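Colleague: Before I ask anything, here is the structure I am working with.
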Amino acid sequence: MTLDAAAVKRWIAGLALLGLALAPARAETVAADVRFALIDNRVFVPAMLNGRGPYALLLDTSTDTGGVSLAVMEEIGARADGRVAGAGRAVVFRTHVASLRIGRAELRNLPALAQSFAAPNDVDGFQRFDGIVGQAVLRRYVVDIDFARRRLRLIEPKDYRGPAGAIAIPFAAGAAPAVRATVAGVRGRFVVDTGEPFSLTLFGPFWRAHQLDDKLGPGVEALTGYGAGGPVKGIVVRVPQFGFGKASAKALVARLSLQTSGGFTDPKIAGGIGTGLLRHFRTIIDYPHGRLLLVPLKSEPDRFDRAGLWLGRHGAQFAALDVIAGGPADIAGLRTGDIVTEIDRSKVETLDLFAIREKLRDPGYNEPVLIDYLRGGRAGQATLRLRDLLPGG
């Protein structure tokens, strides 16, 4: 039998494909497989620093240089190499971490920033904030965040292929990964920020240019967290659907940033995707191959506070840092600045602030909430009757 040249080429190609099909897939090399804590919609990973710990470090895609608190810097024997910025409670120092170890994965001699984190802790409510894992780890490994199992894996990128059926979304690497996405029919460039608990933040120039306050409203104006520039105010709205690549998420709580300076005013960025959105997926951040891999999970619609009240810390007690106009807390007589001493007859010193926030946003909880407070040294009491402040909850 005589074969022409084209047939020979097809035969050789077929053998090559057969060889690929029969060759066993290389096993992933997993450098770390640890359980993480999801606190306030943020991923905290257990890590050893300079052989001490474990410390709970925030996984943050938007942080180039990782960081530690001033207390942790002292505990691990690191030293301040010079002040970067700030003064008093806001001072920031350069330092170095000789060893950062998560599971069996270890990075050495990492530059870091050390600061007190006192101001954001008061607003966000952490009693202790140890530090941040930034892009040094994210760029070195494939980072697999399994929200369903609360497991985080760090995987060597060489032989990594990803789970079957995962949705692949290419990203551009920069200060944070950036993807193309669509909200309310408008397409834009969004950064992926795992340090941000909100599901979706729309930056001022973007939402104003496309009048998204009208398209997505009505919303409520509220304090929504704390950023590098201080307290972050926004108009909180419900987004029916958000699409990026072939992935989508529904009924998201989003904020239209009202900041007048800082990163949320960047006209080149439409907004930020936070952990509140990513938790709807098993999320794999694959810096070495420039992609997100997403496996959809069964999840509930986002929840938003039903009390119209942002509680922060005031020493050992809580403080009303924001009261939404016309919300249950406002109607009950609470005011911004009130010091909360008891909630439902329990001293706040015995309560977990994050658990209280979760209770106040739970759509299945409809019992009156009794709050004892101090205002100008005088005691008062308010009864909150919770209700949904956003549609679609």
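Colleague: Residue under question is ALA98, and the condition is that it be open to solvent by 50 Å² or more (accessible area, probe 1.4 Å), over 30 Å from LEU351 (Cβ atoms) and among the small types (Gly, Ala, Ser); does it hold? Walk me through it before giving the result.
Modeller: On the way: open to solvent by 50 Å² or more (accessible area, probe 1.4 Å): yes; over 30 Å from LEU351 (Cβ atoms): yes; among the small types (Gly, Ala, Ser): yes.
Here the answer is yes, as ALA98 does meet what is asked.
Colleague: Starting from residues that are exposed (fewer than 15 other Cβ atoms within 10 Å of the Cβ) and farther than 23 Å from ARG279 by Cβ, keep the ones in the range 147-162 and report whichever is modelled with the lowest pLDDT.
Modeller: ASP159
Colleague: For residues in the range 290-324 being of a type in the set (Val, Ile, Thr) and within 30 Å of GLU342 (Cβ to Cβ), which is least open to solvent (accessible area, probe 1.4 Å)? Full working, then the answer.
Modeller: Restricting attention to the range 290-324, the residues satisfying the condition of being of a type in the set (Val, Ile, Thr) are 295, 323-324.
Retained after the next criterion (residues that are within 30 Å of GLU342 (Cβ to Cβ)): 323-324.
Numbers: VAL323: 27, ILE324: 11 Å².
Step by step, filter the range 290-324, then rank; the result is ILE324.
Colleague: Additional query: Could you please let me know if VAL236 is out of contact with any strand residue (DSSP E or B) (no Cβ under 6 Å at 6 or more places or on another chain), among the β-branched types (Val, Ile, Thr) and either at pLDDT 95 or above or crowded, with 17+ Cβ neighbours inside 10 Å (or both)? Outline the logic, then answer.
Modeller: Numbers: out of contact with any strand residue (DSSP E or B) (no Cβ under 6 Å at 6 or more places or on another chain): no; among the β-branched types (Val, Ile, Thr): yes; either at pLDDT 95 or above or crowded, with 17+ Cβ neighbours inside 10 Å (or both): yes.
Against the criterion (out of contact with any strand residue (DSSP E or B) (no Cβ under 6 Å at 6 or more places or on another chain), among the β-branched types (Val, Ile, Thr) and either at pLDDT 95 or above or crowded, with 17+ Cβ neighbours inside 10 Å (or both)), VAL236 does not qualify.
Colleague: For the condition open to solvent by less than 20 Å² (accessible area, probe 1.4 Å) and in contact with a Gly (Cβ under 8 Å, 6 or more places away or on another chain), what is the one hit in LEU256, LEU212? Step through it out loud before you land on a result.
Modeller: Details: LEU212 fails: in contact with a Gly (Cβ under 8 Å, 6 or more places away or on another chain).
That would be LEU256, the only listed residue that is open to solvent by less than 20 Å² (accessible area, probe 1.4 Å) and in contact with a Gly (Cβ under 8 Å, 6 or more places away or on another chain).
Colleague: Listed residues ASP124, ASP130, ASP144; which is open to solvent by less than 30 Å² (accessible area, probe 1.4 Å), charged (D, E, K, R) and at pLDDT below 95?
Modeller: ASP124 is the lone residue from the list that is open to solvent by less than 30 Å² (accessible area, probe 1.4 Å), charged (D, E, K, R) and at pLDDT below 95.
Colleague: Restricting attention to the range 83-121, report how many residues are out of contact with any Gly (no Cβ under 8 Å at 6 or more places or on another chain), modelled with pLDDT under 95 and among the charged types (D, E, K, R).
Modeller: 2
Colleague: Let me ask another. Might you check whether a residue that is free of Cβ contacts under 8 Å to residues at least 24 places away in the same chain and more than 28 Å from the chain's Cα centre (by Cα) occurs anywhere in the range 347-359?
Modeller: Yes, there is a match, as at least one residue in the range 347-359 is free of Cβ contacts under 8 Å to residues at least 24 places away in the same chain and more than 28 Å from the chain's Cα centre (by Cα).
Colleague: Which of the residues belonging to the range 71-95 are more than 20 Å from VAL137 (Cβ to Cβ), of a type in the set (D, E, K, R) and surrounded by fewer than 16 Cβ atoms within 10 Å (Cβ to Cβ)? Break it down into steps so the answer makes sense when it comes.
Modeller: Just the residues of the range 71-95 that are more than 20 Å from VAL137 (Cβ to Cβ), to begin with: 71, 74-75, 77, 79-93.
From the residues that got through so far, the ones that are of a type in the set (D, E, K, R) too are 74-75, 79, 81, 83, 89.
Correct list: GLU74, ARG79, ASP81, ARG83, ARG89.
The values are calculated or read from the model by the stated rules, or taken from the named source; none is laboratory data. The model shown is predicted, which means the values in this text are computed figures rather than measured ones. With ideal geometry, Cβ positions are generated from the backbone for all residues, glycine too; neighbour counts draw on all protein chains shown. Please note that ligands, DNA and RNA were not included when accessible areas were found on the heavy atoms of the full protein model with its side chains. Shrake-Rupley method; radii C 1.70, N 1.55, O 1.52, S 1.80 Å.
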